[in-house]
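Have a look at the structure below before the remarks.
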Amino acid sequence: MNTPVSVLLFGITRDLTGQSALSVPVGEGARVCDLLDQLYQAYPPLAGIKSLLVAVNGEYAETDQVLGSKDEIALIPPVSGG
Amino acid sequence: MNTPVSVLLFGITRDLTGQSALSVPVGEGARVCDLLDQLYQAYPPLAGIKSLLVAVNGEYAETDQVLGSKDEIALIPPVSGG
Amino acid sequence: MITLTTDPIDVTAALQYLQSEQAGALDLFLGVVRDNTQDRPVDRLEYEAYDRMAISEMQKIADQAHERWPILRYAIIHRKGVLGTGEIAVLIGVATAHRADAFEACRYIIDTIKQTVPIWKKEVFTDGEVWVNAHP
Amino acid sequence: MITLTTDPIDVTAALQYLQSEQAGALDLFLGVVRDNTQDRPVDRLEYEAYDRMAISEMQKIADQAHERWPILRYAIIHRKGVLGTGEIAVLIGVATAHRADAFEACRYIIDTIKQTVPIWKKEVFTDGEVWVNAHP
């Protein structure tokens, strides 16, 4: 059974998808890498980004971290502050 | 024949001698080290300074530099600006 | 003091904040919008942040700096929104007793901010735009 | 810009002076009178300079920095006279295109000033006074 997780998009990921937030249906026990695979399939241009990290609840997440439907998930393309 | 050179004093050298300028009679062809020897004899407390350099016409001088009566000479105790 | 703001950065207020009776050294770094990048004329920069995480990541960096150097006061102010050339994008200020600590901590903070804090900069040229660092 | 002055150092004016269209980074160092040295309470500092040579030595340092780093603008301002705690004794500001140069040049200038420029500082305590660095 798929539950949707909400994903915030910033910078180039927002421009490439045309969205600032997405609701992505992921399988039970889906990990960060599973979410990324789904997003790459839905939005192939995301694969052209130099490095794409994921934050869960405001913290950088490992690729095997399991996602929950209440998590605040965000795509973090290469940062360029300062 | 001795000609006087004028010596400017700053910081601790001014305090130890009680003077901000001295007129020191030095021999013809006297070098920086000769001047220092004379000053150490006249003002022994100067020898207690960690390091005492001499500037001639606003430039740090080597100890063998020869002094002229028109030179502007200054004692440079350890600097502590900043 | 950590701030993420759309308002222009007030350097005087930051310096005021950084004063401390024990401080003998204060290092202040300003990152400013230049008028060109690789000789391509920049019209403006657009900074975007994941606010919540940007602030918590800046706080982590400040905490790490506090552990490594005896910091008396610090200020980290990052601007977001649209910035024209000459505007200050980031201010880092560190007050310490001795100068080596101020220089090192200040540089650590700005170097690390550029690596880990989720803030993104789009350079808008007269003939196009690009998200900095995004492409290989 | 090199200045030796008995007037209080105007940081805002210095920052104004340091602005440049090509500058992406500005590092500003302030040396401030602390309220204690080795836990002995300082009442005030008295700075004295061999003016002519202090200025020419600061100019040499600025020239050396200019040779080593691509400096767009710099400011070196040293105070002399009587300073109370919290007052700024020295300001070094360097504007460059990139931040590493600003940090390195700024630190080089202040480190070298402390080694070669004929300026002397007397610390006046509540119970005595001492010319800094003068004794073994």
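The values are calculated or read from the model by the stated rules, or taken from the named source; none is laboratory data. Predicted model, so just to flag it, every value in this text is computed and none were measured. Note that each Cβ is placed from the backbone with ideal geometry, even for glycine, and that neighbours are counted across all protein chains shown. Ligands, DNA and RNA are stripped out before the accessible areas are found, and what is left, the full protein with its side chains, is counted by its heavy atoms. Shrake-Rupley method; radii C 1.70, N 1.55, O 1.52, S 1.80 Å.
Ordering C:His78, C:His98 by how much accessible area each has at a 1.4 Å probe, largest first, what is the list?
On the way: C:His78 0, C:His98 105 Å².
Sorted by accessible area, descending: C:His98, C:His78.
Tell me, what ³J(HN,Hα) does each residue in the range D:57-72 have, in order and in whole Hz, if you take phi through Karplus 6.51 cos²θ - 1.76 cosθ + 1.60 with θ = phi - 60° and put x for Gly and Pro?
5, 5, 5, 4, 4, 4, 5, 4, 4, 4, 6, 8, 10, x, 7, 8
If amide H atoms are built 1.01 Å from N in the plane of the peptide, which residues on other chains or at least 5 residues away come under 5 Å of the amide H of B:Val54?
B:Ala61, B:Ile76
Can you give the calculated 222 nm mean residue ellipticity of chain B, where each DSSP H run of n ≥ 4 adds -39,500 (n - 2.57) and the sum is split over every residue, rounded to the nearest 500 deg cm²/dmol? Before the final figure, lay out the partial values.
Details: 2 runs with 18 residues, N = 82.
Taking each H run of at least 4 residues, the total per residue is -6000 deg cm²/dmol.
In whole Hz and in residue order, list the ³J(HN,Hα) couplings for the range B:6-22 that follow from phi through the Karplus curve 6.51 cos²θ - 1.76 cosθ + 1.60, θ = phi - 60°; x for Gly and Pro.
Each residue of the range B:6-22 in turn: 9, 10, 8, 10, 10, x, 5, 5, 5, 5, 6, 9, x, 10, 9, 8, 10 Hz.
Name the nearest-to-axis residue of chain A, judged by Cβ distance to the rotation axis taking chain A onto chain B, and quote that distance in whole Å.
A:Gly82, 14
Along Cα→Cβ, 7 Å out, is where each label goes; now give me the distance between the ones at B:Glu59 and A:Lys50 in nm to one decimal.
Once both label points are built, they end up 4.9 nm from each other.
Can you give me the long-range amide H partners of D:Arg73? Hydrogens built in the peptide plane at 1.01 Å from N, cutoff under 5 Å, separation of 5 or more residues or another chain.
D:Ala95
Please enumerate, by chain and number, the lysines with C-alpha under 17 Å from the C-alpha of D:Lys60, excluding those fewer than 8 residues away in the same chain.
Once the sequence-local lysines are set aside, what remains near D:Lys60 is D:Lys114.
Nearest 100 Å², what total accessible surface is buried between chain A and chain C (probe 1.4 Å)?
2200 Å²
From the label point of D:Asp111, set 7 Å from Cα along Cα→Cβ, how far away are the matching label points in the other copies, in nm, ordered shortest to longest?
Distances between equivalent label points, in nm: 1.4.
If you wrap chain B's Cα atoms in a convex hull and average its projection over all directions, what's the area in nm²?
Working: hull surface 20.6 nm².
Dividing the Cα hull surface by four gives the mean projection, 5.2 nm².
Spin-label point model (7 Å from Cα, Cβ direction): what's the D:Thr12 to D:Phe125 distance in nm?
In this crude label model, D:Thr12 to D:Phe125 measures out at 3.8 nm.
From zero up to wherever the largest Cα-Cα distance of chain C sits, split into 10 Å bins and tell me the percent of pairs in each.
12, 41, 32, 13, 2, 0
Projected onto the charge dipole of the range C:2-131 (+1 at Lys/Arg Cβ, -1 at Asp/Glu Cβ, origin at the Cα centre), which of C:Pro70, C:Trp120, C:Val11 gives the Cα projection farthest towards the positive end?
C:Pro70
Give the long-range amide H neighbours of D:Ala89: residues separated by 5 or more places, or on another chain, with amide H under 5 Å away, using H modelled in the peptide plane at 1.01 Å from N.
D:Gly31, D:Val32, D:Val33
Determine the shape class of the protein assembly as shown: with a ≥ b ≥ c the square roots of the Cα gyration tensor eigenvalues, call it rounded for a/c under 1.5, and otherwise prolate if a/b is greater than b/c, oblate otherwise.
Details: a/c = 3.56, a/b = 2.66, b/c = 1.34.
Here the protein assembly as shown falls in the prolate category.
Run the helix sum for chain D: -39,500 (n - 2.57) per DSSP H stretch of 4+ residues, divided by residue count, reported at 222 nm to the nearest 500 deg cm²/dmol. Could you put the intermediate results ahead of the total?
Details: 3 runs with 44 residues, N = 136.
Using -39500 (n - 2.57) per qualifying helix, the result is -10500 deg cm²/dmol.
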